[in-house]
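The block underneath contains the structure these notes are about, expressed in structure tokens.
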Amino acid sequence: MSSEQTQTKWGQFIPLVTVFFFWGFVAASNDILIPVFKKAFDLSQAESQLVSLAFYIAYTVGALIYNGISVIIGQDIVNKLGYKNSLALGLVISALGTLLFYPAANLHSFPLMLSGLFIVALGFSLQQTVANPLAIALGPITTGSQRLTLAGGINNFGTTIGPLIVSFAIFGSAANASTNISVESVKIPYLILGVAFIAVAIFLKMSSLPDRPALVEASVDDTKSIKGSALQYPQLVLGMIAIFVYVGVEVSTASNLPAYMEKDLGFAIKDIAPYISLYWASMMIGRWTGAVEAFTDNISTQKVLRFIAPYLAFGIFLAVNAIAKHDLAPFYVYGLIILVLIAADMASKGNPARMLLIFSAIGITALLIGMFTKGMVSVYAITSVGLFCSTLWPCIFTLAVSGLGKHTSQGSSFLIMMIMGGGIISWAQGAVSEFTGIQYSYVVGIICFAYLAFYAWRVSGILRSQGISFDKKLSGGH
């Protein structure tokens with residue numbers, strides 16, 4: 001394999017990550033819409049959570065539609081349309097969803113607002129089906145998970161700034177004046193977002209992204225029989241469950257933290273926001289750390305970047321909160337917790353199965369500390385789950401689609417379908433908290449991490465039996 005073939009195709013990868021940014025921007029901005037809609041439409045707490053449900057269930061519906069149409073036409077949709085065209089189509093669908101915010105605001109219709117969010121996420125479902133395997137394909141398989149991790153870091157940049165921008169666009173100076181906010185204030189920000197979706201669709205169509213990339217498979221014996229469906233690959237089926245519980249523990253950990261801090265620790269609602277910001281920033285910190293191998297094969301440079309990248313991301317978090325005039329003093333100690341992340345990342349040696357196992361074990365430890373300690377120690381422990389969730393999506397995705405060949409896009413759609421775990425497991429933890437209290441309800445997250453550790457162990461054996469390895473020596477060393 002030539003040196004060009006073994007290097008990440010940055011000219012194609014950089015345009016691709018724009019869609020990853022949008023996913024994070026919109027998903028995190030939903031946390032701003034929930035209290036706005038709750039007040040504007042006079043909703044109960046359960047009714048306000050329909051925002052999250054409508055958004056996450058759209059991924060499942062989108063995947064079902066995708067597979068249904070593929071069966072009807074007798075061909076995989078992405079294979080028929082091409083990767084670039086499919087990405088553009090997904091962005092157009094999301095743009096159509098934003099258009100509904102205008103009549104929804106004028107008619108003061110909560111169902112129409114939910115419909116708009118649903119359609120936006122429906123477009124995201126198709127985009128994710130295309131973009132995740134495409135990111136893996138834009139370079140050697142041994143650094144596929146690192147490219148997905150880097151793309152996830154861009155996603156988390158969106159989660160960091162999205163709520164701030166949408167909050168300012170909706171509330172502006174009115175928030176400081178404690179005035180009533182009209183639901184009509186959401187329509188202009190989301191119309192602007194729709195224009196951005198269309199602009200990026202055009203940009204991607206004109207980019208050098210491959211329409212039908214050669215999906216890289218490491219150490220696969222081409223003489224082996226190719227299965228007739230993605231669901232015949234055990235690494236995918238077990239990976240679908242892994243994606244379900246991973247998204248579940250990621251979302252439920254953050255969504256239950258405000259209630260724990262308010263009810264059990266006595267925090268005022270206005271003082272909780274920086275800690276939620278820290279959780280999502282932790283995702284960015286971890287992903288920037290896990291992505292360093294996608295930049296260079298030089299071991300010495302990687303060691304340096306492993307320390308620079310996380311603290312650069314942490315610096316962005318501190319800067320954003322400084323601009324928001326939050327007290328930074330409680331957060332400096334978090335810099336020590338980041339050292340645990342760096343050590344774990346180094347121990348994984350870039351192997352996605354090993355990283356999944358190590359990070360899941362530390363995630364269990366963090367939640368146990370959060371459950372059985374009090375005060376800020378418990379808050380930092382729960383928040384640090386973001387650090388150790390950060391790279392699990394790319395690890396699971398890379399392992400689950402490895403060896404699928406022509407079934408890769410179909411397998412990807414099945415994985416995207418399981419994003420519904422974000423809504424279901426969050427609801428499950430809420431239900432458990434009715435009996436155990438919020439702090440002890442984090443046992444749900446521990447169960448999720450336990451399955452992820454099992455998957456890491458099991459999939460390693462499955463892939464080895466298929467002749468697939470993530471040993472970097474197979475790619476020619478440094």
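The values are calculated or read from the model by the stated rules, or taken from the named source; none is laboratory data. Treat the numbers as computed from the prediction; the structure is a model and nothing was measured. Positions of Cβ are generated from backbone atoms using ideal geometry, with glycine treated the same way; all protein chains shown enter the neighbour counts. Note: accessible area is taken over every heavy atom of the protein model, side chains too, but ligands, DNA and RNA are not part of it. Shrake-Rupley method; radii C 1.70, N 1.55, O 1.52, S 1.80 Å.
Values as computed for the structure displayed
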item: Residue-averaged [θ]222 nm for the chain, counting only DSSP H segments that reach four residues, each worth -39500 (n - 2.57); result: -24500 deg cm²/dmol
item: Simple spin-label estimate for Asn106 and Lys406 in nanometres, 7 Å along Cα-Cβ; result: 4.9 nm
item: Heavy atoms of Thr160 accessible to a 1.4 Å probe, total area in Å² rounded to 10; result: 10 Å²
item: Rounded to whole Hz, the Karplus (6.51, -1.76, 1.60) HN-Hα couplings of the range 251-264, x for glycine and proline; result: 6, 5, 4, 6, 5, 9, 5, x, 5, 5, 5, 6, 7, 8
item: Residue-normalised accessible area of the chain, expressed per residue, 1.4 Å probe, Å²; result: 40 Å²
item: Column: log10 I(q)/I(0), Debye, Cα scatterers of the range 10-218, q = 0.10, 0.11, 0.12, 0.13 Å⁻¹; result: -0.46, -0.55, -0.64, -0.74
item: Highest-first arrangement of 12-23, 105-116, where packing means the average Cβ count within 10 Å; result: 12-23, 105-116
item: Cα→Cβ-extended label distance, 7 Å offset, between Tyr332 and Ala268, nm; result: 2.4 nm
item: Of Lys39/Lys187; Lys38/Lys187; Lys349/Lys406, those spanning more than 23 Å from alpha-carbon to alpha-carbon; result: Lys349/Lys406
item: Note, ³J(HN,Hα) from phi for the range 23-30, Karplus 6.51, -1.76, 1.60, rounded to Hz, x at Gly and Pro; result: 4, x, 4, 6, 4, 6, 5, 4
item: Added length on full extension, which subtracts the Cα-Cα distance from 0.36 nm per residue, Leu339 to Ser115; result: 76.3 nm
item: Accessible heavy-atom area order of Arg212, Arg354, highest first, probe of 1.4 Å; result: Arg212, Arg354
item: By average C-beta atoms within 10 angstrom, highest first, the peptides 313-319, 70-76; result: 313-319, 70-76
item: Kirkwood estimate for the range 227-471, i.e. one over the average of 1/r between Cα atoms, Å; result: 18.6 Å
item: Added length on full extension, which subtracts the Cα-Cα distance from 0.36 nm per residue, Ile299 to Ile65; result: 79.8 nm
item: The range 10-218, accessible surface, carbon-and-sulfur percent (1.4 angstrom probe); result: 70 percent
item: Percent carbon-and-sulfur accessible area, the range 364-472, ignoring ligands, DNA and RNA, probe 1.4 Å; result: 72 percent
item: Within the range 270-304: backbone nitrogen closer than 20 Å to the Met346 label point (7 Å, Cα to C-beta); result: 285-304
item: Using a Förster distance of 25 Å, the FRET efficiency for Val320-Val195 (Cβ separation, nearest 0.05); result: 0.50
item: Spatial separation of Cα centroids for the range 302-322 and the range 400-431, in angstrom; result: 30 Å
item: Charge dipole (the chain, unit charges on Cβ, about Cα centre) - positive-most of Ala273, Ala242, Leu16; result: Leu16
item: Which of Lys349, Lys205 is most accessible, then next, and so on - probe 1.4 Å; result: Lys349, Lys205
item: Surface accessible to a 1.4 Å probe, Asp264 within the full protein complex, Å²; result: 80 Å²
item: Semi-axis lengths (Å, descending) of the ellipsoid that matches the C-alpha gyration tensor of the chain; result: 33, 27, 21
item: Whole-Hz couplings from phi, Karplus 6.51/-1.76/1.60, listed for the range 338-343; x for Gly and Pro; result: 4, 4, 5, 4, 4, 4
